[in-house]
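Structure record follows, encoded as structure tokens.
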Amino acid sequence: GSERRRPRLLSPVNMKSRLSDLTFNIILRTVANRRLSEEFQEAHQFKEMIEKAFLLLGAFEVGDFLPFLKCLDLQGLKSAMKKLHKKRDVFLQKLLKDHREKQGFQPKDFIDVLISATDNHEIESDSNDDVVKATTLSIINAATDTTAVTMEWALAALLQHPHILNKAQQELDTHIGRERVMEEADVRELKYLQAIVKETLRLYPAAPLLLPHEAIEDCSVGGYHVSAGTRLLVNAWAIHRDPAVWERPAEFEPERFFKGGSSGEIDVKGQDFELIPFGSGRRMCAGMSLALNVVTYTLGRLLQSFDWSLPEGTTIDMTEGLGLTMPKRIPLEAIIKPRLPFHLY
């Protein structure tokens, strides 16, 4: 009898791999009208290539610090990237070929729009295929890892602060209830959820040093002479934790972004230099709006659909890992239980 009544233990879910698959699917559907599936094995291989590229790009390169060693490629990073590029090119060329063969027979996606623009000479280039492949690769690269990393940090921070997690779920229950699932149109009403995303981007920017910028000619900035070829890295991570700007900078406090809060007027869209997770100006992240929508909506759906807890006897290690983006060093594992009626799943 007692054996029958014992509750079934739920297995922890590795959120890093699930969120990575989810974001890759969203981007692949948008760009190429495809998704990860058993029939489309190449997509799984391509996803692994993207993950490897981020590791290589974020690796310590001795030639960056001792330029006379650069041509020797002592660590083999350059040759590894060249091999990877050839494999990625095969995948992208196949995608392009499939799209050209099926033009007019499927719903239009981003590759269709690019093909149309290059074929109609709206984009000037010596090689139309190269433009389409490079743009497609840029979008997939830029969106997949950064979005997944941001959502993993958000969930980790919420599990570390259960009262904030409960407050977010209360907001969802108040505005949406539990008889229907959250829709994208609901996001604008969910102010606390938006504040959670902002606070995640403040403490855990996916690109902590943004992207390197390079001066293309000699110039003068603020009285300093900057030579052509000089590279600039912006330490957004440090700016976002500056105690001169932020009250309790190391604390996860979404309320700081409410009207009347200590940072109520600050936004993430590049107008306030205190908070620049997407950069600022003409070279800021082109996918900012899509990223904010995907992160906020997906996080809202996950919080509305499931109750979250840590595996018994565990704590969260919030140590940051290495790479071009800033992953958690130890991937998040969580216990999730449905909290909506069964028919909504």
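The values are calculated or read from the model by the stated rules, or taken from the named source; none is laboratory data. Remember, predicted model here, so these are calculated numbers, not experimental data. A quick note on method: Cβ atoms are made from the backbone with ideal geometry, for glycine too, and the neighbour counts reach across all protein chains shown.
Per the listing LYS70, LYS52, the residue uniquely basic (Lys, Arg), within 30 Å of TYR297 (Cβ to Cβ) and at pLDDT below 85 is LYS52.
For TRP153, the conditions (1) within 22 Å of GLY287 (Cβ to Cβ); (2) in contact (Cβ under 8 Å) with a residue 60 or more places away in the chain; (3) outside any helix (DSSP H, G or I) all hold with the exception of (3).
Residue by residue, here is whether (1) polar (S, T, N, Q); (2) in contact with a Lys or Arg (Cβ under 6 Å, 6 or more places away or on another chain); (3) part of a loop (DSSP other than H, G, I, E, B) holds:
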position: CYS285; (1), (2), (3): no, no, yes
position: SER289; (1), (2), (3): yes, no, no
position: VAL295; (1), (2), (3): no, no, no
position: GLY300; (1), (2), (3): no, no, no
position: ASP307; (1), (2), (3): no, yes, no
position: PRO311; (1), (2), (3): no, no, yes
position: MET318; (1), (2), (3): no, no, yes
position: LEU324; (1), (2), (3): no, no, yes
position: ILE330; (1), (2), (3): no, no, yes
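It is to be established whether one or more residues within the range 240-256 are of a type in the set (Lys, Arg), at pLDDT 95 or above and in a loop (DSSP other than H, G, I, E, B). Yes, the range 240-256 contains at least one residue that is of a type in the set (Lys, Arg), at pLDDT 95 or above and in a loop (DSSP other than H, G, I, E, B). Assessment of the range 117-134 against the conditions (under 17 Å from ASN293 (Cβ atoms), buried (at least 21 other Cβ atoms within 10 Å of the Cβ) and in contact (Cβ under 8 Å) with a residue 24 or more places away in the chain) yields no matching residue.
Condition check for TYR192 on (1) aromatic (Phe, Trp, Tyr); (2) touching a Pro at 6+ places or on another chain (Cβ under 8 Å); (3) closer than 30 Å to ARG88 by Cβ: one failure, at (3).
Checking the conditions here, which among GLY300, GLY279 is crowded, with 17+ Cβ neighbours inside 10 Å, in contact (Cβ under 8 Å) with a residue 24 or more places away in the chain and more than 23 Å from ASN166 (Cα to Cα)? It would help to see each step written out before you state the result.
Numbers: GLY300 fails: more than 23 Å from ASN166 (Cα to Cα).
Going through GLY300, GLY279 in turn, just one is crowded, with 17+ Cβ neighbours inside 10 Å, in contact (Cβ under 8 Å) with a residue 24 or more places away in the chain and more than 23 Å from ASN166 (Cα to Cα): GLY279.
If you filter the range 176-214 down to residues that are under 14 Å from SER305 (Cα atoms) and free of Cβ contacts under 8 Å to residues at least 24 places away in the same chain, you find that the one that is farthest from the chain's Cα centre (by Cα) is GLY177.
Of the residues making up the range 26-45, those that are in contact with a helix residue (DSSP H, G or I) (Cβ under 9 Å, 6 or more places away or on another chain), in a helix (DSSP H, G or I) and at pLDDT 85 or above are ILE26, ILE27, LEU28, THR30, VAL31, ALA32. Among the residues of the range 205-221, those that are assigned to a loop (DSSP other than H, G, I, E, B), out of contact with any His (no Cβ under 9 Å at 6 or more places or on another chain) and farther than 16 Å from PHE273 by Cα comprise ALA206, PRO212, ALA215, ILE216, GLU217.
Residues are listed down the side, and each one gets a yes or a no for (1) within 19 Å of LYS16 (Cα to Cα); (2) not polar (S, T, N, Q):
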{"residue": "ALA286", "(1), (2)": "no, yes"}
{"residue": "THR298", "(1), (2)": "yes, no"}
{"residue": "GLN304", "(1), (2)": "no, no"}
{"residue": "GLY313", "(1), (2)": "no, yes"}
{"residue": "LEU322", "(1), (2)": "yes, yes"}
{"residue": "PRO327", "(1), (2)": "yes, yes"}
{"residue": "LEU332", "(1), (2)": "yes, yes"}
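Out of GLU274, GLU255, one residue alone is surrounded by fewer than 18 Cβ atoms within 10 Å (Cβ to Cβ), over 23 Å from LEU155 (Cβ atoms) and among the acidic types (Asp, Glu). It is GLU274. Residues of the range 125-154 that are among the β-branched types (Val, Ile, Thr) and closer than 18 Å to ILE50 by Cα: VAL132, THR135, THR136, ILE139, ILE140, THR144, THR146, THR147, VAL149, THR150.
Give the range 215-242 a look and list any residue that's surrounded by 18 or more Cβ atoms within 10 Å (Cβ to Cβ) and either in contact (Cβ under 8 Å) with a residue 60 or more places away in the chain or touching a Cys at 6+ places or on another chain (Cβ under 7 Å) (or both), or say none. If the condition is that a residue be surrounded by 18 or more Cβ atoms within 10 Å (Cβ to Cβ) and either in contact (Cβ under 8 Å) with a residue 60 or more places away in the chain or touching a Cys at 6+ places or on another chain (Cβ under 7 Å) (or both), then TRP237 is the only one that fits.
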